[in-house]
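Notes follow once the structure below has been shown.
The values are calculated or read from the model by the stated rules, or taken from the named source; none is laboratory data. Fair warning: this is a prediction, and the values are worked out from it, not measured in the lab. For neighbour counting, all protein chains shown are included, and Cβ atoms are generated from backbone atoms with ideal geometry for every residue, glycine included. Note: areas computed on protein heavy atoms with side chains; ligands, DNA, RNA excluded. Shrake-Rupley method; radii C 1.70, N 1.55, O 1.52, S 1.80 Å.
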Amino acid sequence: MDRYQAMFERLRESGQGAFVPFVMIGDPSLEDSLEIIEALITGGADALELGIPFSDPIADGPTIQKAAIRALDNQVRPRDCFALLTRVRDRHPDIPIGLLLYSNLVLSPGIDKFYRQAAKAGVDSILVADVPIRESAPFRQAARDHGMHQILIAPPNASEQTMASIGEFSSGYTYLLGRAGVTGTETAASMPAGELIDRLKAVGAAPPILGFGISKPEQVKSAIQAGAAGAIAGSATVKIIEQHLHDKPMMLTRLAEFVAGMKSATVYS
Amino acid sequence: MSKHLPTKFGEYGGMYVPELLIPALDQLEQAFMDAQQDESFQQEFIGLLKDYAGRPTPLTKTRNLVSNPKVTLYLKREDLLHGGAHKTNQVLGQALLTKRMGKTEVIAETGAGQHGVATALACALLGLKARIYMGAKDVERQAPNVFRMRLMGAEVIPVNAGSGTLKDAVNEALRDWSASYDKAHYLLGTAAGPHPFPTIVREFHRMIGEETKQQILEKEGRLPDAVVACVGGGSNAIGMFADFIDEPSVQLIGVEPAGKGLHTHEHGAAIAKGTKGILHGAYSYIMQTQDGQIEESYSVSAGLDYPAVGPQHAYLHDIGRATYESVTDEEALNAFQLLARKEGIIPALESSHALAHALNMADGAEEQMLIVVNLSGRGDKDLTHVHQILNGETQRG
Ligand SMILES: Cc1ncc(COP(=O)(O)O)c(C=O)c1O
């Protein structure tokens, strides 16, 4: 069964939303990434959102930019990321894994080849940060061809037309933007996103997960209360890595604690 | 939305930006289409170009520069435009669009500082608030332009990320815009980036070629054999080319920066040495690693130091309508000095690339040849930098 669908069903039955942490693969190194991902799962992550580092991440604020630079400085390449994803998938056959990256990394080997590699590594979904719905057709096609989901973004300023396309094409989950701008905890998500969630439900979109500017359990809680199926925290997670670069045991402990705290806020009250 | 403009040139171009920016790009496209039909907008634009910026710019026949008697070489004098480069043309157009959209702030990126200066002057004139991102390395090598921008009231924000040049400044401008599009217009400075920028920038620069055509017909009674322009992102070149694209007898030649040589990694020749990919919202030729990471470009001239090229140039290259050549730092520096000595004109280092190639063409010409070089800007901003290079005080670049 589809891993996202299975996750959403399991969570619904137990009265919870999803908590999904994001980290950059290879930050600060590939071996560390494996342990970091284990810590996230130990902490209670329902799904993973993982980045492949890119040189020019225009949708990212300073925290995730720095994560990409750390990985690239360690010569982390897309093929290393796929190798790591394969290892994660071997250990965790059921957890949904999403990739988040930029279009030129996909175009470089060719869209079809990239998606084939991702599928083979056990990836469930791909979100290409600089491919809007309007340019998404060949990417969606490749996702379908290889049994994955192309994740679409629902921005707060979405036009009726964009909403309709999300209703028609979204699959897996819908990445609901909590606010304008780039990734980062400097600006908090603006709550409630309730109106946008209602619009998504009305068009029959895939379950919305709220991201951008999420760093606190209270935000997760209000996202779930507003009707989101879950919440994603990227910069807040990456920040913990950045703060403990020289003390890995502490980094892993803090990551697991952070995820556990965020996860506990996903229970419907 | 009623009608859209074409978003691609063949397979090139497109709108590869975060979903969040799509409404802002659509709004811009609509405002541009409306303005093109609006007599009062056109009158205001043309009025500013004429009475504020100094159009039409002259077409100057060189007297001493070319030794080959078969060759006649003209310079289209965008260096005489207010602001010191062609950039002012399209900036005035986009600044008027900003007001038309009811926005009060302008974001811009700049490399050489010429686009920043043009943005600062237009914003001062039209009462807009400007913030300009500039790579930290460029802030250093184009110091006089930083002071000019600040004098005219713009905020200049140095960007330390990446290579600290134009590409990083564009990244930062896009990031800013994705949070500020309600109030701010991103006034992109070249014929690159996502649709509709390549089209808008071309249309707001096309008077360069239109005037050239009229002036050369008056002076020589015929069209030129070739028009030559330097290519960073491609705005001055597309402005010169646009009105000649349908004149098959006119060769269109773009000149990319070969830096320390195309055999090295230190150049900015995206068409000559790059491969297809996406940077800053457009599919085009870009400089990238085999994994698709963007490479850092290099040129002695900050305005050409960009690892991509506007999508219409990629298309004109592929269909064979335009030819793209390249010129090294060394050749450009020689042309820079030669024009100063022979004609009393100090060109921008960017424009010196176009000139250097035209001089190579002139040297080899065995038949009558009429060439126009787009002298896209003046060299005031480059004086300190070139002075240091000539004194051997600095590594080139
Ligand atoms: C004088 C001059 N010419 C040319 C350029 C290159 O830009 P484009 O290729 O858009 O004309 C610049 C850019 O800063 C410039 O200042």
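Quick notes
- A:THR86-B:ARG100 FRET efficiency (beta carbon distance; Förster radius 60 Å; 0.05 resolution): 0.70
- When DSSP beta bridges are restricted to pairs lying wholly in chain B, around 30% turn out antiparallel.
- Evaluating kT/(6 pi eta Rh) at 20 °C and 1.002 mPa s, with the Kirkwood radius of segment B:314-381 over Cα pairs in the Stokes-Einstein relation, gives 166 µm² s⁻¹.
- Translational diffusion of chain A, µm² s⁻¹ [Kirkwood Rh, Cα pairs; Stokes-Einstein; 25 °C; 0.890 mPa s]: 135 µm²/s
- Assigned charges on the beta-carbon of Lys, Arg, Asp, Glu; segment A:138-269 dipole about Cα centre (debye): 180 debye
- Taking segment B:256-281 and a reference point 7 angstrom along Cα→Cβ of B:GLN337, the backbone N atoms nearer than 20 Å belong to B:258-261.
- Approximate spin-label separation B:LEU217-A:THR187, in nm, with each point projected 7 Å along Cα-to-Cβ: 5.0 nm
- Most mobile listed residue (B:VAL228, B:VAL66, B:VAL106) in chain B, GNM with C-alpha springs under 10 Å: B:VAL66
- Computed over the Cα atoms of the protein assembly as shown, the ratio of the radius of gyration to the Kirkwood radius (Rg/Rh) comes to 1.01.
- Rg followed by Dmax, in Å, when segment B:1-153 is reduced to its Cα trace: 18.4, 57
- For segment B:26-74, the direction-averaged projected area of the alpha-carbon convex hull comes to 6.1 nm².
- Across peptide B:156-167, the average count of Cβ atoms from other chains found within 10 Å of a residue's Cβ is 1.
- Most fluctuating residue given options B:GLU295, B:GLU140, B:GLU367, as computed from a GNM of chain B linking Cα atoms under 10 Å: B:GLU367
- Mean partner shielding of peptide A:131-137, defined as the number of other chain Cβ atoms within 10 Å of each residue Cβ, is 6.
- Calculated FRET efficiency for the pair B:GLN290/B:ALA136, C-beta based, R₀ 30 Å, to 0.05: 0.60
- The mean sequence separation of alpha-carbon pairs under 8 Å and at least six residues apart, normalised by the residue count of chain B, gives a relative contact order of 20 percent.
- Ellipsoid fit via the Cα gyration tensor, segment A:128-228: semi-axes of 23, 15, 12 Å, each the root of five times an eigenvalue, largest first.
- With K and R counted +1 and D and E -1, the other residues having a Cβ less than 12 Å from that of B:VAL250 yield a net charge of -1.
- The P(r) of segment A:74-150 has a tail past 19 Å containing 30 percent of all C-alpha pairs.
- Extent of segment B:247-397 along its three principal axes (Cα atoms, max minus min coordinate, largest first): 45, 43, 25 Å.
- Other protein chain Cβ atoms within 10 Å, averaged over every residue that makes up B:100-112: 0
- Normalised by 2.2 N^0.38 Å, where N is the number of residues, the alpha-carbon radius of gyration of segment B:227-276 equals 1.28.
- FRET efficiency estimate (nearest 0.05) - Cβ-Cβ, B:ASP246 to A:ASP145, R0 51 angstrom: 0.80
- In chain A, Cα pairs under 8 Å separated by at least six residues give a relative contact order of 23 percent.
- Sequence ranges B:177-184, A:179-186, ranked by mean other-Cβ count within 10 angstrom, highest first: A:179-186, B:177-184
- A:PHE169 versus B:HIS263: modelled label distance in nm, points set 7 Å from Cα along the beta carbon direction: 4.7 nm
- Normalised per residue, the accessible area of segment B:1-68 is 50 Å², obtained with a 1.4 Å probe and no contribution from ligands, DNA or RNA.
- Gain on full stretching of the segment that runs from B:ALA179 to B:HIS4 - 0.36 nm per residue minus C-alpha separation: 60.5 nm
- Distance from segment A:146-215 to segment B:237-273 (C-alpha centre basis), Å: 42 Å
- Full-stretch length increase - A:LYS113, A:GLU257 - with 0.36 nm per residue and alpha-carbon distance subtracted: 48.1 nm
- Entry note, segment A:40-188: relative contact order of 24 percent, from Cα contacts under 8 Å with a spacing of 6+ residues.
- Share of carbon and sulfur in the accessible area of segment B:258-344 stands at 44%, probe radius 1.4 Å.
- Taking the inverse of the mean reciprocal distance over all distinct Cα pairs, the Kirkwood hydrodynamic radius of chain B comes to 20.6 Å.
- Backbone N under 12 Å from the B:GLN42 label point (7 Å along Cα→Cβ), restricted to segment B:70-96: none
- Surface per residue (accessible, 1.4 Å probe) for chain A, Å²: 37 Å²
- Taking the DSSP bridge list for the protein assembly as shown and keeping only pairs wholly inside it, about 20 percent are antiparallel.
- Segment B:62-115-segment B:213-228 distance, computed between alpha-carbon centres (Å): 20 Å
- Chain B: DSSP helices with Cα axial extent of at least 20 Å and average Kyte-Doolittle hydropathy no lower than 1.0: none
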